[in-house]
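Computed from the coordinates by the stated procedures, all read-outs in this text should not be read as laboratory data. The structure displayed is predicted, hence computed values, not measured ones. Glycine gets a Cβ as well: all are built from the backbone with ideal geometry, and neighbour counts include every protein chain shown.
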Amino acid sequence: MEDPPHDWPGITYFCQKPSPMRIIGRLPDARMQITVFDNDGRFPVQFERGGLTQTYRFRKGDRLSNLGHLRTYVDEEFRQSVLQQFEEMQRIHSAVRDRIAPPSAADDGGDLPTIV
């Protein structure tokens with residue numbers, strides 16, 4: 001191990017290569033894409049819909065050690081909560097976009113030339 005960059009008493013430096021995150025499966029859902037990863041003692045579950053992403057991390061343990069167990073965690077009630085959060089995220093995203101660049105009724109493409 002290399003010498004630490006600073007000489008601070010009580011600070012221990014660990015140089016450990018992080019484990020790679022890998023996809024272990026997808027959960028079927030017509031409303032959004034659900035991808036399950038395996039990463040360093042956790043199962044990150046990523047939900048994607050309309051350009052927005054949410055990730056929830058579950059710690060591995062006796063009752064959660066494989067994709068089958070995780071399916072019971074990501075039940076319909078959990079998925080409904082995720083969908084509600086997506087609606088709120090979309091509302092915030094739209095509000096920011098409208099505040100920065102308000103929609104204009106006369107906006108016909110700006111100064112771009114017409115291509116026939």
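Laid out as a table, the results:
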| quantity | calculated |
| --- | --- |
| Residues with amide H under 5 Å from that of residue 74, placed H, sequence gap 5 or more | none |
| Cut-off under 5 Å, modelled amide H: who pairs with residue 42 long-range | 60 |
| Using a Förster distance of 25 Å, the FRET efficiency for residue 85-residue 65 (Cβ separation, nearest 0.05) | 0.40 |
| Residues with amide H under 5 Å from that of residue 25, placed H, sequence gap 5 or more | 36 |
| Calculated from backbone phi, Karplus (6.51, -1.76, 1.60) coupling profile of the stretch 55-67 in Hz, x at Gly/Pro | 10, 10, 10, 10, 7, 5, x, 4, 8, 9, 10, 7, 5 |
| Mean Cβ neighbour count within 10 Å, used as a protection proxy, ranking 41-49, 77-85 highest first | 41-49, 77-85 |
